[in-house]
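Everything on this sheet refers to the single structure shown next.
The values are calculated or read from the model by the stated rules, or taken from the named source; none is laboratory data. Given the structure is predicted, the values throughout are model-derived calculations rather than measurements. Cβ placement follows ideal geometry from the backbone for every residue including glycine, while neighbour counts extend to all protein chains displayed. The accessibility values were calculated without ligands, DNA or RNA, using every heavy atom of the protein model including side chains. Shrake-Rupley method; radii C 1.70, N 1.55, O 1.52, S 1.80 Å.
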Amino acid sequence: MKKFFYVFLLFLIVINLSYRLDEIRGVKEKVEEILYLPKGEILKYIALDHRNTLSDYFWLLFIQYYGHHLQTDLQFPYLYPITDIITDLDEKFLHAYTFGSVNIAHHLKDKLSVKKLLMKAMYKNPEKWEYPFWMGFLNYVFFKDYKTAGIFFKLSTFKKDAPPVCYRFYAFTYYKKLKNLEIALKLWEYMYNSVKSEVEKEIAKDYIKRTIMKIHMRDLNILIKKFKEKEGYSPLSLRELLEKGYIKEIPKHPYDGYYIIRGDTVESIIPKR
Amino acid sequence: MKGIIAIAKNTFKELVRQKIFFIIVIFGFSLLFISFFLYPLSVGEQSKIIRDFGLSAITFFNTILVIIVGGSLLHKEFDKRTIYLIVTTPVERREIIIGKFFGFLVLILINIIGMSIFHQILIFLTDGKFDLKIFIALYPFIFEISIIISILIFFSTFTGVIFSAFMGFIFYVIGHLIESLKLFSEISKSLFLKIISYFLYYFLPNLEHFNIKNNIVYGEIPKKEYFLFSTSYGLIYIILLLYISSLIFEKKEFK
């Protein structure tokens, strides 16, 4: 029993010393160390037949890096290089491509990196419908490049096993229903229902709220214009629109805020979090 | 045939007693177990990670085990001088080679099956169902590991333990990198280099032929032709290596 106690005590000391040494040395984030490694194409050879496992290991580091910066400074300069290494090692890693590209688009607004990543995905996995669809999706909702979005939605319909959603969004773009907020909302709802992780669901949820807010404001502005034409003056509040029968109910603000009429337009007030 | 079975049984019993065997097996099981606890960090990829880590643990630790233990398969008999006793019995020398091969292979197979069952339990705890497709990925791996055992036996017939183990490791690395040799031969401008590299590419064991882990993890099962050809390739390579080993061993003089 005494011996067991000594062993246990020594283990505790070792753990404590290791923790302190980490602090003294100021151990950097491991993910940044990945960037000092050779490119994924070379790492592939070093990993021999364990490329997937190495890719998974980098994925775990990537998630830690992402989570850490999401809660601190919201700075993600290494999103693309790390995703690039992960997908070089495991060319079929669908979630790394989609998670990486959504976050690059969302946080960095970097169209070129998104394009590079998804073009690689399409080149390495030509049979998959997900990648052209995703390219169309990101071009539509983030970069407002409706023409490119249409091309990629169309491309996704040519793939084997393409689900109805590909045809649906290709049809929207084909019939020139561009810049349509309802389509953007449908795309975000599709993303919300299809992604696996909570992080992506949160991003989708936020964009769903943003799009609903935009739809509300667009509709209210149209009604204010109508009101002014008919009544000869701008409404003072939404209640006035309600009382005079222009709206059936005051739209519920998706961020629990409220809409106010200032001059001839409606403004959205979002409470500070 | 009786001689082969007797040698195989004896090899199996001897290997089971080795401590290194248990250490490596415990490491393998530990890695499998650790992968189970990684899932909160994996953001929706727990199924993939548990399959990748599990398959890697099974293949990597069994390869390490083969390389470390396999080099000494024949040399133990020389060191303990039991080889003198064996060669005086009616057992033929080629039976010693084949018996050693099967004794070791059976042990590795039991280990692979044990680790795979444990892996299936972890998959069940994560996904709520077993994934028997994983066994398909391990089928070609059995040929890969058998080729490595054959290489180790081959080198053991005329070199020392460390050199045999080293060559086993080198062939394992080359076997997985060999596809770049084909790339080299395709881009090479010198005809001589082209011929040499093409020859080496087809002559050396291409262990990537037995690596379908990535496909299986993504649910892609190769065609029947793949299994037919990879099985034939593996079997013929093993027979070739064991046959050459037997020829060398039969000529060997014991001092």
When B:THR88 is run through (1) surrounded by 21 or more Cβ atoms within 10 Å (Cβ to Cβ); (2) over 24 Å from B:ILE244 (Cβ atoms), the failure sits at (1)
Hey, could you check the stretch B:140-173 for residues that are among the hydrophobic types (A, V, I, L, M, F, W, C) and surrounded by fewer than 16 Cβ atoms within 10 Å (Cβ to Cβ) and say which is nearest to the other protein chains (Cβ to nearest Cβ)? B:VAL173
Quick one: which residue in B:LYS223, B:LYS252 is over 22 Å from B:PHE102 (Cα atoms) and of a type outside the set (Val, Ile, Thr)? B:LYS223
I'm checking my understanding of the structure. Among residues of the stretch A:153-166 that are under 20 Å from A:TYR192 (Cβ atoms) and in a helix (DSSP H, G or I), which one is most open to solvent (accessible area, probe 1.4 Å)? A:PRO164
I'm trying to understand the selection: among the residues of the stretch A:50-59, which are open to solvent by 10 Å² or more (accessible area, probe 1.4 Å) and at the interface with another protein chain (Cβ under 8 Å from one of its Cβ atoms)? A:HIS50, A:ARG51, A:ASN52, A:THR53
With respect to B:HIS119, is the statement that it is open to solvent by less than 30 Å² (accessible area, probe 1.4 Å) and more than 14 Å from every other protein chain (Cβ to nearest Cβ) true? no
Check the stretch B:126-139 and report whether any residue there is in a helix (DSSP H, G or I), more than 14 Å from every other protein chain (Cβ to nearest Cβ) and not hydroxyl-bearing (Ser, Thr, Tyr). yes
Please indicate, with yes or no, whether at least one residue in the stretch A:6-15 is closer than 27 Å to A:MET119 by Cβ and either surrounded by fewer than 18 Cβ atoms within 10 Å (Cβ to Cβ) or at pLDDT 85 or above (or both). no
What pairs come out if I take residues in the stretch A:108-125 that are closer than 16 Å to A:PRO77 by Cβ and pair them with residues that are assigned to a helix (DSSP H, G or I) and of a type in the set (D, E, K, R) whose C-beta lies under 7 Å away, six or more apart or interchain? A:LEU117/A:ASP84
Quick check: anything in the stretch A:194-215 within 14 Å of chain B (Cβ to nearest Cβ), open to solvent by 20 Å² or more (accessible area, probe 1.4 Å) and part of a loop (DSSP other than H, G, I, E, B)? yes
Within the stretch B:206-215, can you find the residues that are under 19 Å from the mean Cα position of the chain (by Cα), not acidic (Asp, Glu) and not in a loop (DSSP other than H, G, I, E, B)? B:LEU207, B:HIS209, B:PHE210, B:LYS213, B:ASN214
The listed residue being under 15 Å from B:SER156 (Cα atoms) and not polar (S, T, N, Q), out of B:ILE83, B:ILE117, B:ILE113: B:ILE83
Among the residues listed as B:ILE49, B:ILE83, B:ILE26, the single one being outside any loop (DSSP other than H, G, I, E, B), open to solvent by 10 Å² or more (accessible area, probe 1.4 Å) and either at pLDDT below 90 or touching a strand residue (DSSP E or B) at 6+ places or on another chain (Cβ under 9 Å) (or both): B:ILE26
Of the residues B:ILE67, B:ILE98, B:ILE34, B:ILE5, which single one is under 19 Å from the mean Cα position of the chain (by Cα) and either open to solvent by 40 Å² or more (accessible area, probe 1.4 Å) or among the hydroxyl-bearing types (Ser, Thr, Tyr) (or both)? B:ILE98
Can you run down the residue pairs with Cβ atoms below 9 Å, 6 or more apart or on separate chains, where the first is in the stretch A:201-212 and among the basic types (Lys, Arg) and the partner is open to solvent by less than 70 Å² (accessible area, probe 1.4 Å) and at pLDDT below 85? A:LYS201/A:MET191; A:LYS201/A:VAL195; A:LYS205/A:TRP188; A:ARG210/A:TRP188
Which pairs do you get when a residue that is in contact (Cβ under 8 Å) with a residue 12 or more places away in the chain and charged (D, E, K, R), found in the stretch A:238-250, comes within reach of a residue that is in a helix (DSSP H, G or I) and open to solvent by less than 60 Å² (accessible area, probe 1.4 Å), reach meaning Cβ atoms under 7 angstrom, with the pair 6+ apart or on two chains? none
Being more than 9 Å from every other protein chain (Cβ to nearest Cβ) and under 13 Å from B:THR59 (Cβ atoms) is the filter here, so list the residues in the stretch B:203-221 that pass it. B:ILE212, B:ILE216
In the stretch B:114-158, anything of a type in the set (Asp, Glu) and either touching a Cys at 6+ places or on another chain (Cβ under 6 Å) or under 30 Å from B:ILE244 (Cβ atoms) (or both) is listed as B:GLU144
